[in-house]
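Only the coordinates and a few stated rules stand behind these numbers; no lab work does. Not measured: the values here are computed from a predicted model. Counting neighbours? That spans all protein chains shown, and the Cβs are built from the backbone with ideal geometry, glycine included.
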Amino acid sequence: WHGAGSGVASGAMRFVLFGLSLCLLPVPSASATYGRVLPRSTDIGGRTYVWQVFVPVAVLSGAETNPPVILFLHGAGQLGSDGVRQTEIGLPAVLRERPGFPALVVMPQAPRGAWWGMPEIERIALAALDVAIDEFGGDPERIYLTGLSLGGYGTWALAYRHPERFAALVPVCGG
């Protein structure tokens, strides 16, 4: 694997340590300051696709200008076009419980009848990723790809075709 950043072992190890560090974050209090999940849309081939991006509070406040970026691919149960269902399970659901999550999280949504390995759907995911990086100053050297179930399969598919884009992969329940 030859992704962005340094070698496979060190990139993967950084991501594993990053994930483990999330377990050490405190449970939010009633006065905790949160990042925000913001709706976005992208036009591809004359069609509008809606998606969401989680923006850390440090980015919103201007304290962080180069955050790591996670591209999250949802499972088959979240297929659709509402732009919301992909935020209700997995990593996006955890964002509601972790006030100081330190990364941009890009959450595209694949339409019904599609999967992440289809060229058009791949373009949706990568376009959303590029827009979020440009808009919020995400670090192009620290882009991590993850997905659940159908999204786990999509993680393998996108990384296979675009190995230069990702510093590490975390496919969950996907092959």
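So here's what we get for this one:
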quantity: Within-12-Å neighbourhood charge of Glu88 [Cβ basis; K, R +1; D, E -1]; calculated: +1
quantity: Segment 144-153 - phi-based ³J(HN,Hα) in whole Hz, Karplus 6.51/-1.76/1.60, Gly and Pro as x; calculated: 10, 10, 9, x, 10, 6, 3, x, x, 4
quantity: Neighbourhood charge, 13 Å Cβ-Cβ cut-off, centred on Val53 and excluding it, Lys, Arg +1 and Asp, Glu -1; calculated: -1
quantity: For peptides 53-60, 158-165, sequence by mean Cβ density within 10 Å, most packed first; calculated: 53-60, 158-165
quantity: Net charge, Tyr34 excluded, C-beta distance under 13 Å - Lys, Arg +1, Asp, Glu -1; calculated: +2
